[in-house]
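First up is the structure itself, then whatever we jot down about it.
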Amino acid sequence: MTETRYDVLGVGNAIVDVLAQVDEAFITTHELAKDAMLLIDEERATSLYAAFPPSEEISGGSAANSLAGIASFGARGAYIGKVANDQLGEVFAHDLRAAGVAYDTAPLEGGPATARCLIAVPPDARRAMNTFLGASALMDEADIDQDLVRASTVTFLEGYLFDREEAKRAFVRAAEYARAADRRVALTLSDIFCVERHRDSFRQLVKNHVDVLFANEAELKSLYETEDFDAALASVRAETRVAAVTRSEKGAVIVSGDDEARVPATPVEKVVDTTGAGDLFAAGFLTGYARGAGLETCGRLGVIAAGEIISHMGARPQVSLADLAAKAGVAIPAA
């Protein structure tokens with residue numbers, strides 16, 4: 001087997017989050033929709049970005065958020081995601097590397113600009129999000145580095161990337177590389193709309209290529225087209241090695257064959273922003289899983305990370321997750 005250099009390799013949409021505090025007049029002038037995420041084209045993205053006041057720009061995207069969390073736990077992570085050869089592409093690469101994640105995907109030349117999520121935060125904190133997917137959506141099989149997959153204990157695939165046939169083939173290629181190297185594959189369903197668009201493809205991927213499935217309760221029930229949570233849980237038991245299902249304030253349920261662990265949510269004094277909660281749950285779980293921890297330990301690491309992220313704005317941890325795990329008495333196995 002190839003030497004293990006990384007605990008987790010993430011594959012996902014490489015997006016730069018651009019966050020700006022704005023007034024109500026800005027929301028009205030630019031016809032932004034609060035409490036919503038809208039997909040926009042490059043022309044709209046360029047004009048809105050130019051109109052934004054001084055902003056905070058950080059690397060984003062679901063799997064990239066997970067990898068930043070994995071690094072915060074002290075584990076070794078790498079990432080594959082497509083940016084353009086432009087200013088925001090440099091921001092994404094620098095920010096992710098600064099978080100401790102290896103990132104070397106070749107930038108796109110001559111195509112659309114780097115993806116960005118333009119997040120306007122008015123005084124009432126009801127965020128208006130406008131996302132241009134740009135270069136991030138143009139990943140294909142050629143971007144999947146076989147040596148990187150072989151050197152990673154787990155390859156983690158982001159469901160948001162699944163809209164193009166080229167990306168679907170890239171996922172299958174990554175899974176085949178992992179299987180040939182006796183490595184593991186994890187998939188997050190990302191959101192219920194992804195499941196509704198790609199249910200049949202996701203079912204095939206889960207059944208044939210996925211070792212660890214991440215979903216929230218609604219996504220899992222949609223995947224198996226049932227309103228009965230226990231029935232959905234029974235179905236996923238039969239189709240994948242491990243399933244980790246989050247249930248908001250109810251915590252998480254993890255199943256693997258006949259084994260099951262139910263982990264309560266970490267108490268939080270005040271829920272500020274749930275953005276990234278699932279991403280960070282996956283970060284904690286995968287940190288444990290890649291190091292050989294049991295289901296309950298993996299789940300506890302997941303809820304610790306999710307609890308930290310919902311206590312503040314943004315989808316990146318503000319304190320060391322390794323320190324939080326230590327304070328909670330949850331040991332992270334050594335590499």
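Strands (runs of 3 or more DSSP E) fully within segment 1-114 that include at least 2 residues being in contact (Cβ under 8 Å) with a residue 24 or more places away in the chain and charged (D, E, K, R): 56-60.
Taking the criterion of being basic (Lys, Arg) and at pLDDT 95 or above, the residues of segment 300-335 that qualify are 300, 327.
Which residue pairs have Cβ atoms closer than 6 Å, lie 6 or more positions apart in sequence or on different chains, and pair a first residue in segment 200-219 that is on the phi < 0 side of the Ramachandran plot and surrounded by 23 or more Cβ atoms within 10 Å (Cβ to Cβ) with a second residue that is among the β-branched types (Val, Ile, Thr) and assigned to a helix (DSSP H, G or I)? Taking only residues 6 or more apart or on different chains, the pairs are 213/206; 219/192; 219/195. Among the residues making up segment 123-169, those that are in a helix (DSSP H, G or I), closer than 25 Å to residue 90 by Cβ and modelled with pLDDT under 90 are 137, 160, 161, 166, 167. Take residue 118 and decide whether it is assigned to a helix (DSSP H, G or I) and either buried (at least 17 other Cβ atoms within 10 Å of the Cβ) or β-branched (Val, Ile, Thr) (or both). For residue 118, the condition - assigned to a helix (DSSP H, G or I) and either buried (at least 17 other Cβ atoms within 10 Å of the Cβ) or β-branched (Val, Ile, Thr) (or both) - is not met. Would you confirm whether or not segment 207-219 contains a residue that is aliphatic (A, V, I, L, M), assigned to a loop (DSSP other than H, G, I, E, B), out of contact with any Cys (no Cβ under 6 Å at 6 or more places or on another chain) and at pLDDT 90 or above? Checking segment 207-219: at least one residue is aliphatic (A, V, I, L, M), assigned to a loop (DSSP other than H, G, I, E, B), out of contact with any Cys (no Cβ under 6 Å at 6 or more places or on another chain) and at pLDDT 90 or above.
Scanning segment 276-319 for residues that are in contact with a helix residue (DSSP H, G or I) (Cβ under 6 Å, 6 or more places away or on another chain), more than 26 Å from residue 127 (Cβ to Cβ) and small (Gly, Ala, Ser) gives a single hit, 288.
Of the residues 244, 232, 315, the single one that is over 19 Å from residue 206 (Cα atoms) and small (Gly, Ala, Ser) is 315.
The values are calculated or read from the model by the stated rules, or taken from the named source; none is laboratory data. All values derive from a computational prediction rather than experimental measurement. Ideal geometry is used to build each Cβ from the backbone, glycine not excepted, and the neighbour counts take in all protein chains shown.
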